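Everything below concerns the one structure shown next.
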Amino acid sequence: MKDDPQRRGLRHRVRTTVPRLSRFAVEHLLLLPLGALVALVWVNIAPESYYRFTFAISFAVNDVAMMLFFALMTKEVVEATAPGGVLHPWRRAMLPVVASIGVTALPALIHVRMVQVLDEPMLSIGWPVSLATDLAITYFIARIIFRPHHPVIPFLLLLGIASDALGFVSLALFNPMRQVHLTSSVLILAGAIAIAAALRSLRVRSFWPYLLGAGSVSWFGFFWSGLHPALALVPVIPFMPHAARDPGFFVDALPSAKDTSSQFEIWWRYPAQAALFFFGVVNAGVPMGALEAGTGGLPIAVIVGKPLGLLIGAGLALVGGLHLPHRVGWRELIVGGLIAAMGFSVGLFFSSALFPPGQPRSEMSMGVLLSLLGAPLALVAARLLRVGRFSGGSRTPA
Amino acid sequence: MRSHGASVSLVSTGRNLVRTIALLVAVASAATFGQPSLALPNRPDSLKFAAIGDNGTGDRPQYDIAQQMNLVHGTFPFDLVIMLGDNMYGSQQPADFVKKFEQPYGPLLSAGVKFQASLGNHDRPENVSYKPFNMNGERYYTYARKNVRFFVLDSTHMDSKQVAWIESSLQQAREDWKICYFHHPLYSNAERHGASVDLRVQLEPIFVKHGVNAVFSGHDHVYERLKPQQGIDYFVSGSAGQLRKGNMSPTDQTAAYFDQDQSFMLVEIAGTELYFQVISRTGKTVDSGVIQRQSRRSQAGQKPDSP
């Protein structure tokens, strides 16, 4: 066939546009929302094919591929403990950790009460979903509202990490879907950690032995124990050598970075985003006919409970002698609480871990999607309370 | 977990009085509504049961349906009621178990009729321990009556363990008839909820593989009889208390439906035939027919099922 200039031009445009679009989607975290949108449309148009497809891949996505996402999140947290990171030194985390008590307890209590009031008592076991905070969305929305480098941003990130950590603990302890066999699996997990520690002491710089050796053993340990195997790399990542200084939360590793942790991120960044896309496809498919009044329980719990809980938690911390960061007052806490209400990726993960496919999971997942209303509500609250970019004061230097 | 034993003892002193009142109400209603005419063979050695779904409102329509059940029990002595979930709505305190269960069905309970419940999305998980529901603390369970084995599922929480259980239980069953019942319908043409396709994708291949004969569900507050789907007869009977009037949107899957008033089902299994009759709140028969077990061919207007 003749290869005319028009065809060559088209091929060139495709070759340059596809990577550019991919980069844009990854950098702007669009693949998870895109996957969720695909799922919502698909399940309401052709439910049978949607369920056949998603049931076939759900284990591979939820229990295996999502390992990459949580590994990269763990890497961000581990690097944040390095000099320059939001978790360095550790005592900086004390206030958000104390505040997270209010931010988790109040929404959980409201959720349990709301689903009783809304006559859907079967949803009450889903309270750990109300603990979820999507760190990436929190970070980006907080940057939009408060501008970069506002001290409330690391505060919110720490709060999100503490809340999610409590959520994962709750998931392990109160998950009716999984029977936990801790005694039989402690040895396996200890073995995985020993492998990772040995690799580090041997100064192994490639991430592959950490992933295939320690990671595989850890995955089987998590799976065997009844804990969620998507978390298998969480105890392994801290053993990977990482940069001496934290480049910043959600700042991509430079291609020139040579440390093991950055190499791991560079290699797995795009596959992790693909995993997030399929995670959205598998877990956000909510048939509208499945929804009942109980769907409203979660969004109400987090949108009301997180700002109030944050005020209460911060109050407790202040009573305990801790201090709020500079330029963070009750108005910033209310707006921050609304931002932290968005559970999205972690919320969908908790929902799928707690509920098998069916009406309750659909209702909880829709509740998680509705919690994204936290973003516009935070913008409105920021405008009303005159905080962040609406404060009318001088700009914070970027 | 809440102790239902305590609740039962609390009301035990008033129970006889409640039952007497309920009996009087039943007699009075017989005079008001009239006895429903029976469209079932009513053979002496057959298995007879009733099916109710979405009943536990504690409101007048639930009591009306209960009265119709009492009335028909006089001529059609069923000794089993299968409950298709949402057995209790709203508050589920001890007094509610009296108002929404023990009082309306008091005469049947006094007559020794056994209720075997499945849970719906409005039921509290701890209701599995409420003795009159006969669930023995289990979300899903199986029992046999004569030549029929019933499989009761918790469709609100269909985890992989339960799916494995139903597969192995069906495989082991040796009775002539296999009947499954649970709350969420695998097929439904009601507008509000419709079919639970996620459950259908999981359960239907198992039901087909192991020769389930009939499936009863609730959730949609209407009555619908489906044409056999892959050889299985499906009934939606979710209006023994609740009602979504005019909510049906029948398709070519629909064999019969009724969405104008509350209703309940009567079923009689005699040998290789399953007879059914659907009675409305006012005692009118709104659907009836028979299913042949071997060919699963209904004489009530359905097309023969695919082999």
Would a scan of the range B:212-227 turn up a residue that is in contact with a strand residue (DSSP E or B) (Cβ under 9 Å, 6 or more places away or on another chain) and at positive phi?
-> yes
Kindly indicate whether any position in the range B:157-178 is within 14 Å of another protein chain (Cβ to nearest Cβ), under 18 Å from the mean Cα position of the chain (by Cα) and outside any strand (DSSP E or B).
-> no
The range B:84-137, residues that are away from chain A (no Cβ under 14 Å) and among the charged types (D, E, K, R) | B:LYS99, B:GLU102, B:LYS114, B:LYS131
How many residues, within the range B:54-93, are part of a strand (DSSP E or B) and without any contact (Cβ under 8 Å) to a residue 60 or more places away in the chain?
-> 2
All positions within the range A:33-63 that are closer than 15 Å to B:LEU199 by Cα and either buried (at least 20 other Cβ atoms within 10 Å of the Cβ) or among the charged types (D, E, K, R) (or both) | A:VAL43, A:PRO47, A:GLU48, A:TYR50, A:TYR51, A:ARG52, A:THR54
Residues of the range B:118-148 being assigned to a loop (DSSP other than H, G, I, E, B), in contact with a strand residue (DSSP E or B) (Cβ under 9 Å, 6 or more places away or on another chain) and without any contact (Cβ under 8 Å) to a residue 12 or more places away in the chain, which ones?
-> B:GLU138
Name every residue in the range A:280-293 that is part of a helix (DSSP H, G or I) and at the interface with chain B (Cβ under 8 Å from one of its Cβ atoms), in order of residue number.
-> A:GLY289, A:ALA290
Are there any strands (runs of 3 or more DSSP E) wholly within the range B:196-243 with 2 or more residues that are over 19 Å from B:ASP176 (Cα atoms), and if so which?
-> B:223-226, B:233-237
Kindly indicate the residue of the range A:166-182 that is more than 14 Å from chain B (Cβ to nearest Cβ) and crowded, with 17+ Cβ neighbours inside 10 Å and also modelled with the lowest pLDDT among those meeting that condition.
-> A:ALA172
Failed item, numbered, when A:GLY358 is tested on (1) surrounded by fewer than 24 Cβ atoms within 10 Å (Cβ to Cβ); (2) modelled with pLDDT of 95 or more | (2)
Of those in the range A:285-299 that are under 20 Å from the mean Cα position of the chain (by Cα) and modelled with pLDDT of 95 or more, the residue nearest to A:LEU354 (Cα to Cα) is A:LEU298
Could you list all residues from the range B:79-100 that are in contact with a strand residue (DSSP E or B) (Cβ under 8 Å, 6 or more places away or on another chain) and not β-branched (Val, Ile, Thr)?
-> B:ASP79, B:LEU80, B:MET83, B:LEU84, B:GLY85, B:ASN87
Looking at the range A:218-228, which of its residues are surrounded by 21 or more Cβ atoms within 10 Å (Cβ to Cβ) and part of a helix (DSSP H, G or I)?
-> A:SER218, A:TRP219, A:GLY221, A:PHE222, A:SER225
Check whether at least one residue in the range A:133-156 is surrounded by 23 or more Cβ atoms within 10 Å (Cβ to Cβ), under 19 Å from the mean Cα position of the chain (by Cα) and hydroxyl-bearing (Ser, Thr, Tyr), and report yes or no.
-> yes
Qualifying residue in the range B:190-209 (condition: within 22 Å of B:TYR275 (Cα to Cα), free of Cβ contacts under 8 Å to residues at least 60 places away in the same chain, more than 9 Å from chain A (Cβ to nearest Cβ) and not acidic (Asp, Glu)) | yes
Within the group A:LEU324, A:LEU310, which residue is of a type outside the set (S, T, N, Q), modelled with pLDDT of 95 or more and crowded, with 18+ Cβ neighbours inside 10 Å?
-> A:LEU310
Is it true that some residue in the range A:250-270 is touching a residue at least 12 places away in the same chain (Cβ under 8 Å), buried (at least 16 other Cβ atoms within 10 Å of the Cβ), more than 14 Å from every other protein chain (Cβ to nearest Cβ) and under 29 Å from A:LEU109 (Cβ atoms)?
-> no
Inter-residue pairs, beta-carbon under 7 Å, first modelled with pLDDT under 75 and in the range B:28-53, second of a type outside the set (S, T, N, Q) and crowded, with 18+ Cβ neighbours inside 10 Å, 6+ apart | B:SER29/B:LEU71; B:ALA30/B:LEU71; B:PHE33/B:GLY283; B:GLY34/B:GLY283; B:GLN35/B:LEU71
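The values are calculated or read from the model by the stated rules, or taken from the named source; none is laboratory data. Please read these numbers as outputs of a predicted model, since none were measured by experiment. Because the Cβ atoms are built from the backbone with ideal geometry, glycine has one as well, and the counts that use them run over all protein chains shown.
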